[in-house]
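This report concerns only the one structure given below.
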Ligand code: ADP
């Protein structure tokens, strides 16, 4: 099995992230964790690329629908439908519009616990309830309620893979193998070496 320090995750700065001129700020958050950038490109995704992306996990549509019902109920509001698949379909349609509206930056970050660490720093899906200090919590105001009222996707700046399996599938969907670069980052010695030999002169 590969060492945990070689775990990789997909991050996409969504069109609103670029339009808000937050690309540098977002990249900095992942970079300063100690993660290594191994792939990066600017592109305008097609609607079918986005549809396939959100269908890579066959359960995603149901789960996203369930989460959205739960969010309504937590706030004492009545969901527009009690069928998670109906809500899930609506979210996929709105995501196709959102994610193809302008350029995005797709990146692959590598390092120990890359998937979980990136999700932690990115913050929860809904900016209204994302923790303070996370990227979504600090840089954007949006909510399920507002997105639903206006019939659009929640604008939350970033996509980040939710699990290692998801990351592996998503990386293959967004990058060709030759677009990912294997290299040594000098700071990896201080992050991962068992013995910190050779620091003192
Ligand atoms: P995350 O991006 O945090 O992993 P999900 O995978 O659940 O979240 O959802 C994917 C994206 O779909 C979200 O980032 C958000 O842009 C949008 N989204 C999710 N749920 C809803 C919803 N109920 N209404 C509108 N947009 C949504």
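Just so you know, all these numbers are worked out from the coordinates, no wet-lab data involved. Small disclaimer: the values here were computed from a predicted structure and weren't measured. Cβ sites come from the backbone with ideal geometry, for glycine too, and all protein chains shown count toward neighbours.
Taking the inverse of the mean 1/r over every pair of distinct Cα atoms in the chain gives a Kirkwood hydrodynamic radius of 18.0 Å.
As a proxy for reagent exposure, ranking 141, 104, 38 by other Cβ atoms within 10 Å from fewest up yields 141, 38, 104. Comparing Cα centroids, region 122-146 and region 92-113 end up 16 angstrom apart.
Geometric descriptor of region 138-192, per residue, is 166 Å³ (volume of the convex hull of the Cα atoms).
Put in order of Cβ neighbour count within 10 Å, fewest first, the listed residues 178, 201, 170 become 201, 178, 170. Shape class for region 27-74, computed from the alpha carbon gyration tensor (a ≥ b ≥ c): oblate, with a/c not under 1.5 and a/b at or below b/c.
Spatially, region 148-183 and region 1-73 are offset by 3 Å when compared through their Cα centroids.
Per the Cα gyration tensor, region 1-113 maps to an equivalent ellipsoid with semi-axes of 29, 18, 15 Å, ordered largest to smallest. Calculated [222 nm] ellipticity per residue, helices only, for the chain: -12500 deg cm²/dmol; basis is -39500 (n - 2.57) per DSSP H run with n ≥ 4, divided by all residues, nearest 500. Three principal axis extents describe the C-alpha atoms of region 93-201; from largest down they are 62, 34, 24 Å.
Here region 45-95 is described by how far its Cα atoms reach on the three principal axes: 36, 18, 14 Å, from widest to narrowest.
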